[in-house]
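FYI, it's all coordinate maths here, none of it is from the lab. No experiment lies behind these values; they were computed from the predicted model shown. Because the Cβ atoms are built from the backbone with ideal geometry, glycine has one as well, and the counts that use them run over all protein chains shown.
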Amino acid sequence: MKVCRRCLYTDLHPLGLVIEGEGICSGCRVHEEKDRLDWAARWELLEKLVDGYRCASGENYDCVVPVSGARDSFFIVHTVKKRLGLNPLLVTYNKHYNTAVGIRNLARLRTLMDCDIMTQVIDPDRVKRITRATFRRWASIYWHCLAGQTVFPVQIAVKMKIPLIIWGHHQGLDQVGMFSHLDEVEMTRRHRRNHDLFRQEAEALVHDHDFVRPADVHPYRYPLDEEIAAVGVRGIYLGNYMRWDTKAQHEAMMDIYDYEAVPQTRTFDTYNDLDCWMHSDLHDYIKWAKWGYGRATDHAVRELRFGRLSREKARAVAQEYEAKPSANADVFLDWIGMTQNGFEFILDQHRNKNIWERDGHHGPWRHSAKWREAQAAAKMEPNRLEITKTPCEFRVRKSQAICDQEDKFILVGKGEYLPAAECPSLSL
């Protein structure tokens, strides 16, 4: 096991990170492109690309844009509609783990942007059967979310004959340097299968043991290659043409659209994934148990690479948040019908033994000797990044006079909105 001498990632990263001879990881190397590329020229490439997809008759949409009540949805739609001048059809997959904040943010997005939106809501019983199966097989409670949000936009593009899908950024490029920005990588079935769906198509979930039927997985099936080719569907990433910085983007969009940002259980980032009870909570605890790190490390690495955190501060913040237990595990267990002991039993079977060890069968888990040795060996002084003088703070904005329900998921909500109040920022 090796640890990057600049950031916090190891070469056991599930997306496939490479650490080169100088001890710097592929993710850090590709991040250097953000300060080297001519982004004005790359924006011109994007403008020329999308011009060919405008619907001259106005009888159809120019593109499909996947959105949610969090992530960079406001920035993406603002860029597509206000800057590129396109007429997008927004699409969203209902995660079932919805928060009231996320529902309000999504309602505000579609209202202020004046866009049409299509939402996919799968039968909750079907989602529960699938989630029991994916947790047993891969210790994933988020498979249905990943599968749904990566296929529903493609299904709609094929069905409505809209050949262009515009996504935000490519996770594999940003985190581990899977590609260069210059590769201009696009959406593929292969990447979805190999990195989102544990190298399995949705059909592989059908099994009598889990009571998953063919009809259950039908909404998650990717369109056939010939169906995609007949329409000419392609999916591009804005992050290949813009200097992607989610923190700066959120803060610029909040100044314009006044949406909410709230603290989360297991990370300091108040902007991303706040629409989901589970993502930065139980889902992240599972990720930490399987891979030895969680979302706080992802976010700390991002801030470190942008020069807003030192490596020491990034490590300390990540360790602080990743030591926290899930705050909402009981909500999920009640929803899925599972005991805490049953949950932990299945999760322990999926721990990476290169990262974790324990004494006997019932002792507490701890980081392995191999993991500790690799961390100690990562000498980073020659590779230290210069820290900017900009304080690393994350805003907190909450709608006034709204009492959110805190004891169960919200399947469908109205998205009532009141002006957001500025609260003390979360400073690192």
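Summary of packing: across the peptides 57-63, 150-156, the per-residue average of other C-beta atoms within 10 Å ranks them, highest first, as 150-156, 57-63. The DSSP beta bridges internal to region 39-240 are antiparallel in roughly 5% of cases. Restricting attention to the chain, close to 50% of DSSP beta bridges with both partner residues there are antiparallel. Note on region 39-83 and region 290-336: Cα centroid distance 32 Å, given to the nearest whole angstrom. Using Cα pairs under 8 angstrom and six or more residues apart, how large is the relative contact order of region 93-190, in percent? Taking the mean separation of contacting Cα pairs over the length of region 93-190, I get 21 percent. When CYS55, CYS25, CYS276 are sorted by how many other C-beta atoms sit within 10 angstrom of their C-beta, beginning with the fewest, the order is CYS55, CYS276, CYS25.
Take every Cα pair under 8 Å whose residues are at least 6 apart in sequence, average their separation, divide by the length of the chain, and the relative contact order is 21 percent. Protection proxy ranking of 188-200, 95-107, by the mean of other Cβ atoms within 10 Å over each peptide's residues and highest first, is 95-107, 188-200.
Note on GLN200 and CYS423: the extension gain reaches 75.9 nm, defined as 0.36 nm multiplied by sequence separation minus the Cα-Cα distance.
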